[in-house]
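Scroll down for the structure; my scribbles are underneath it.
The values are calculated or read from the model by the stated rules, or taken from the named source; none is laboratory data. Only a predicted model underlies this, so the values are computations on that prediction, with no experimental measurement involved. All Cβ positions, even for glycine, are placed from backbone atoms using ideal geometry, and neighbour counts span all protein chains on display. Areas reflect the complete protein model, heavy atoms only, side chains present, ligands, DNA and RNA absent. Shrake-Rupley method; radii C 1.70, N 1.55, O 1.52, S 1.80 Å.
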Amino acid sequence: MKKQIPYGTQSISSEDIKAVSEVLKSDFLTQGPQVEIFENKVKEYCGANFAISSNSATSSLHLACLALGVRKGDIVWTSANTYVASSNCALYCGADVDFVDIDPDTFNICPIKLEEKLIIAKKNKKLPKIVIPVHMCGQSCDMKKINGLSKIYGFKLIEDASHAIGGSFRNKKVGSCEYSDISVLSFHPVKIITTGEGGMCLTNSKELARKIELLRTHGVTRNKDIMEFNSDGPWYYEQIELGLNYRMTDIHAALGASQIERIDSFVEKRHRIASNYNENLIDLPLKIPFQMEKTYTSYHLYVIRLVLEDLDISHLDFFKNLREKGIGVNLHYIPVYLHPFYRKLGFNKGYCQAAEDYYSNAISIPIHPKLSEDDQRYIIKIIRETALKKSK
């Protein structure tokens, strides 16, 4: 069997290794100067006013919900087609969650279905406090339309941009918070750039930034401007909120600060790979990714959707055949509400039909900067053979 070609993986350079090595030789391993350097680089790249790093995107989502005051009795909506972290963050705050169905072309929250759901929720007096659109595969949701709905129905917006740093919407970088209160990024190894593990909240609100920063570090501050009592001495600090330990280390931040120098080349390579797939798979009984106007995707994922009625092979067998041939395909994602935990909350099959249709025929194929031309030719060859194979 051919060696396994992963659907995604990190690209580590000698400069990355040097940056991390220098931190290991320094006086700071955690919350030193590299954290601020990395935060500054990301906010400048994305065009946001403030950036607060954390140890994961899941932590950043939780911090974003806390900063916006999510609590028991509130309702948070997100996409049905996402990883569980996008909804779990609301449950951590004691809120209830609900799901919005997707656009079958973009795989993102469908603005039309969102508006229909909001109309019903308003009548029932169950409007969401927060909506969390997820930029699936690296393509931005239609944030202008969703932002317009937020003005009408009074909810706040957290962009789950875990897939999407390096992308843009309407000539603004994803993460600029042009149409949202907070944007959340992920730096997991399979994402566009990596810190090993790590995440970040971006915002244009000074108040929200201060809140997130405080909550990230136990709710403890040394800032005299927000302390309640006079200082007892230079050692003095106060806990003024119930926070968490969600800090990023200098080791992780140094890797991220080095990686972001290559982010545009990473995204350009992903676009070249996607263009090659588009050219060589378009004639097959499958659907290649659709790109919405005025968006520039980061191509974190490249998802094909099988047209099963035109194939002589099932979704499962197609998937297994690629895996058996050494192609590390995956499926992003199982609709969140179909997981046992969420079914126990009252969700059932059939709740978001477009997301379930997507799940029935989607396959994520390899796309990452380390993917060689030979490996891509091999992937295309196997997909073509599998798609065109006729049953005897």
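Charged neighbours of residue 354, selected by a Cβ distance under 12 Å, balance to -3 (K, R count +1; D, E count -1). Remark: relative contact order (the chain) = 23 percent; criterion is Cα-Cα distance under 8 angstrom and separation of 6 or more residues.
Using just its DSSP H runs of length 4 or more, each adding -39500 (n - 2.57), the chain gives a mean residue ellipticity at 222 nm of -11500 deg cm²/dmol after division by all residues. Is there a pair in 113/172; 25/211; 43/117; 129/173; 151/191; 41/206 whose C-alpha atoms are over 23 Å apart, and which pairs would that be? Long pairs (Cα-Cα over 23 Å): 113/172; 25/211; 43/117; 129/173; 151/191. Here the scattering of region 173-267 is modelled by Debye summation over its C-alpha atoms, one equal scatterer each and no solvent; at q = 0.12, 0.13, 0.24, 0.25 Å⁻¹ the log10 of I(q)/I(0) is -0.51, -0.59, -1.23, -1.26.
Rounded to the nearest 0.05, the FRET efficiency derived from the C-beta distance between residue 374 and residue 349 at R0 = 45 Å is 0.60. Counting only alpha carbon atoms, the long axis of helix 143-153 and the longest principal axis of the chain meet at about 60°. Neighbours of residue 38, meaning other residues whose beta-carbon lies under 12 angstrom from its beta-carbon, give a summed charge of -3 when Lys and Arg score +1 and Asp and Glu score -1.
Compare the Cα positions of 157, 58, 108 along the charge dipole of region 58-211 (+1 at Cβ of Lys, Arg; -1 at Cβ of Asp, Glu; about the Cα centre) and return the one farthest towards the positive end. Going by the Cα projections, it comes out as 157. Seen from all directions on average, the chain presents a Cα convex hull projection of 21.4 nm².
Net charge near residue 104, counting Lys/Arg +1 and Asp/Glu -1 over other residues with Cβ under 15 Å of its Cβ? Intermediate results must be reported in sequence, preceding the final value.
Values: positive: 113, 287, 305; negative: 101, 103, 105, 142, 356, 357.
Net charge around residue 104: -3.
Cα gyration tensor of region 236-392, axes a ≥ b ≥ c as square roots of the eigenvalues: rounded (a/c below 1.5), prolate (a/b > b/c) or oblate? It comes out oblate by the Cα gyration axes. About its Cα centre, region 173-329 has a charge dipole of approximately 280 debye under the convention of +1 per Lys or Arg Cβ and -1 per Asp or Glu Cβ, with nothing else charged.
Among 129, 172, 287, the sequence by solvent-accessible area, most first, with a 1.4 Å probe is 287, 172, 129. Binning all Cα-Cα separations of region 1-67 at 10 Å, short to long from zero, yields these whole-percent fractions: 15, 33, 35, 14, 4, 0. An oblate overall shape is assigned to region 113-231, the ratio a/c of its alpha-carbon gyration tensor axes (a ≥ b ≥ c) being 1.5 or greater and a/b not exceeding b/c. Using θ = phi - 60° in the Karplus curve 6.51 cos²θ - 1.76 cosθ + 1.60, the 3J(HN,Hα) couplings for region 237-243 round to 8, 9, 8, 10, 9, 8, x Hz; x is entered for Gly and Pro.
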